[in-house]
Amino acid sequence: MKEADWKRLVFQLSKGACTPFLGAGACDGILPSGRQLSRKLAEDGQYPFHDKDNLTKVTQFLAMRFGESVHVKEMISEELRVSRTPDFDDPQDPHGLLAKFPLPVYLTTNYDDFIFQSLKWVGKDPSVAMCRWNEGIEGNAEIFQEEAGWNPRPESPLVYHLHGRLDTPSSLVVTEDDYIEFITNLAHDRAAETPVMLPPVILGALTTRSLLFVGYSLQDWNFRVLFNGLQRAVPGINRRRHLSVQVAPDVDASVKEELLEDLERYYERWSVSIFWGTAAEFCKQLQRRMT
C-alpha cells in the first residue's frame, strides 16, 4: 500500500471522514470462518457435493433439503453464538481500534454485535439498525427521519447491519437465493419513491466518506456481489477513494506477485486501494503510523 494511502486513511479516520465496513475476517479467531462454518453445516446436513467450503452453495442445498431457509439460518445462529467476545483492549482487534475514532456510522455484513459492544466499551452510546432487504424484516421507520433522533454522531454512532443479525435468524443473507434477492431489491429500492434498504444517513455514509473494508476477500463472491451491487444502486460511491484490507491469495510464490498486481489493477477501476494482510496486521501498522 502506498504511503499516500496511509496518510489519507489516518487523516480521514481522525477527522471522521471514513466509514468502516466490517466483514467476517474481522472476527478471525473468535467466530468460525465461513469455510469452517460451511464444512460443519455440510457435515450435519449430509451435503453430497465436493465444494463443502462454499457457504452459499451449502446453505442453498440445505434450504432445499429442509424445505425452508429459516431453519438453516437458525442452525447458523446456533453455531455462531459464543460466550466470549473479542478483547477490545487488544491493539490488534479491529473492533476496539475502530470504535475509538470519531466516526458516526459503522456498516457491517457480519451477523454478530461485536462492533456495537466495542462502541459501548469505549464509552459511546451507539444505536443499531438492520437493513430491510426483504418484506419479512421489521425495520426502524425512524431511521429515515433525522428529527426523530437518527442523526448519528461520533459520540452516538449508528451500527447498520446489511446482511442481518444473529438475534433475528430470518434476516440473515446467506443462501444464493438471499444474495440474489438482496441485490435485486437493492436496485429497486434505489429507484423507489420511499426507499427502505438504504436510508439517507446510510447513503451519506456511502457517498460522502471513504470506505474502509476490513475482513473481506477480493476473491470472495460475497465482496464482489456486495460492492458491485452498491456501485449500481449508489452511483456516487466512487466519489471518494476506498481501502480494503485483504489476505493475499494462497498461491505458488512464482505467480503470486503478478497475481497481486493484476488484482490491484482490476480493483483500481473501483477506486479501491489494497492492504495485503490480516485485520490484525493492518491494525498493528495503523497504530504505528498514528503515533
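The values are calculated or read from the model by the stated rules, or taken from the named source; none is laboratory data. Only a predicted model underlies this, so the values are computations on that prediction, with no experimental measurement involved. When we count neighbours, we look across all protein chains shown, and the Cβ atoms used for this are built from the backbone with ideal geometry, even at glycine.
So, in region 31-46, how many residues would count as being surrounded by fewer than 16 Cβ atoms within 10 Å (Cβ to Cβ) and under 21 Å from the mean Cα position of the chain (by Cα)? So the count comes out to 3.
Take the conditions charged (D, E, K, R) and surrounded by 19 or more Cβ atoms within 10 Å (Cβ to Cβ) and apply them to ASP250. Does it pass? Steps first, please.
Values: charged (D, E, K, R): yes; surrounded by 19 or more Cβ atoms within 10 Å (Cβ to Cβ): no.
For ASP250, the condition - charged (D, E, K, R) and surrounded by 19 or more Cβ atoms within 10 Å (Cβ to Cβ) - is not met.
Taking the criterion of being among the aliphatic types (A, V, I, L, M) and touching a Leu at 6+ places or on another chain (Cβ under 6 Å), the residues of region 56-94 that qualify are VAL58, VAL72, LEU80. Residue-level check: of (1) assigned to a loop (DSSP other than H, G, I, E, B); (2) of a type in the set (A, V, I, L, M, F, W, C); (3) at pLDDT below 90, ILE143 misses just (1). Residues considered: LEU97, LEU107. Of these, the only one that is modelled with pLDDT of 95 or more, assigned to a strand (DSSP E or B) and on the phi < 0 side of the Ramachandran plot is LEU107.
Identify the residue in region 110-141 that is among the β-branched types (Val, Ile, Thr) and surrounded by fewer than 20 Cβ atoms within 10 Å (Cβ to Cβ) and, among all such residues, is nearest to PRO157 (Cα to Cα). The extreme case among them is VAL128. Filtering region 229-247 to residues that are under 16 Å from THR109 (Cβ atoms) and of a type in the set (S, T, N, Q) leaves GLN231, SER244, GLN246.
Let's see how each residue does on (1) under 21 Å from the mean Cα position of the chain (by Cα); (2) assigned to a loop (DSSP other than H, G, I, E, B); (3) of a type outside the set (D, E, K, R):
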{"position": "LYS52", "(1), (2), (3)": "no, yes, no"}
{"position": "ILE76", "(1), (2), (3)": "yes, no, yes"}
{"position": "ASP89", "(1), (2), (3)": "no, yes, no"}
{"position": "GLN92", "(1), (2), (3)": "yes, yes, yes"}
{"position": "LEU103", "(1), (2), (3)": "yes, yes, yes"}
